[in-house]
Ligand SMILES: CC(C)(COP(=O)(O)OP(=O)(O)OC[C@H]1O[C@@H](n2cnc3c(N)ncnc32)[C@H](O)[C@@H]1OP(=O)(O)O)[C@@H](O)C(=O)NCCC(=O)NCCS
């Protein structure tokens, strides 16, 4: 019977090759090593499932640097062409989700990007989606992924707003601005969090989560009119793989005046000045004003992403992934 176990520290090659996706072993290995170095992955968080005579699948737990509990599954792969891959996948996910729960996770995510690309090369999207749904995952958000590259002209920074950094305004004012700009958002995940937890708690938790991303406090700014009216905010950061526009928002009373462009140009400029040669950003497929702002600023769409999530109930002894 197939057996799931964490890899040993010297088994990285075995982990990399434990699936039918063997086209990019060098890049996958480099990615894993960079995640180990960043503190987003650990050898004991990399799992293989072994059949009678060889590994038949793998998956790893991933988190943001500095966090002790896992947030996401990455590098999930099976021998997809083999007919019993659904059973293998269910078995693997069940064990690894239990492991994540024991490590303190209350929910775990998985992002499915199309087309297949570095660093996960997610071929067999239908089979993956089926496997996730069988394990109890639901789609929480679908996004368009945008990227600006240094070859593209950077958006010019208009001068109608006055910016003040997180250091200048303090955390309480910044969190309050997050709450205000998130009102009536077209982003499904932020809207759901506001409904479930209430706007203030959702805003605070959003701020804390974004704080885990590498950033200089001067990269997070509130924007005001010259008269001192709050217009919005920009949060520019670096995640473990790329500089990112973490969040942009305009307070409801100032929407429809193109301020998203000013904020995005400022965020892109902040990251460029810090040496970024590319900047990435995701926006909900329903957030048309935001997607238009990215396109106007010279960002190009490079992928679509489906964000899956599963809750991990904490009650002892309860299977988290249903029956095999
Ligand atoms: C997305 C956002 C930054 C756009 O800012 P903006 O400066 O209003 O953008 P624009 O001025 O280009 O607006 C374009 C149009 O979209 C409309 N629009 C903007 N936000 C809207 C919203 N949340 N709901 C409905 N319509 C909206 C504007 O009224 C405007 O309509 P008009 O052309 O008929 O006047 C702003 O809506 C916002 O802060 N939303 C909440 C936070 C958010 O979703 N951030 C992005 C997460 S990645």
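Please treat every number below as a calculation from the coordinates, not as lab data. Please read these numbers as outputs of a predicted model, since none were measured by experiment. All Cβ positions, glycine included, derive from the backbone under ideal geometry; neighbour counts span all protein chains shown.
Annotations for the structure displayed:
- Measure of compaction for the stretch 1-150 (Cα Rg per 2.2 N^0.38 Å): 1.00
- With all pairs of separate Cα atoms included, the stretch 162-298 yields a Kirkwood hydrodynamic radius of 15.0 Å.
- Ordering 157, 48 from the fewest to the most neighbouring beta carbons within 10 Å gives 157, 48.
- As a proxy for reagent exposure, ranking 142, 193 by other Cβ atoms within 10 Å from fewest up yields 142, 193.
- Computed from the alpha carbon atoms alone, the convex hull of the stretch 121-175 holds 215 Å³ per residue.
- Between the alpha-carbon centres of the stretch 71-144 and the stretch 257-301 there is a gap of 29 Å.
- Highest mean packing first, where packing is the average number of other Cβ atoms within 10 Å per residue, the peptides 288-298, 2-12 line up as 288-298, 2-12.
- The length gained by stretching the chain between residue 192 and residue 5 to full extension, at 0.36 nm per residue less their Cα-Cα distance, is 63.8 nm.
- Taking only alpha carbon atoms, the chain gives an Rg to Rh ratio of 1.00, where Rh is the Kirkwood radius.
- Helix-derived mean residue ellipticity, 222 nm - over the chain, DSSP H n ≥ 4, -39500 (n - 2.57), to 500: -10000 deg cm²/dmol
- Note on the chain: with a GNM built from Cα contacts shorter than 10 Å, the maximum mean-square fluctuation among 159, 205, 69 falls on 159.
- Shape of the stretch 259-314, Cα gyration tensor, a/c cut at 1.5: prolate
- Diffusion of the stretch 153-207 by Stokes-Einstein, at 37 °C in a medium of 0.692 mPa s and with Rh set to the Kirkwood radius over alpha-carbon pairs, works out to 257 µm²/s.
- Stokes-Einstein diffusion for the stretch 66-187 at 10 °C, viscosity 1.306 mPa s, with a Kirkwood radius from C-alpha pairs, works out to 85 µm²/s.
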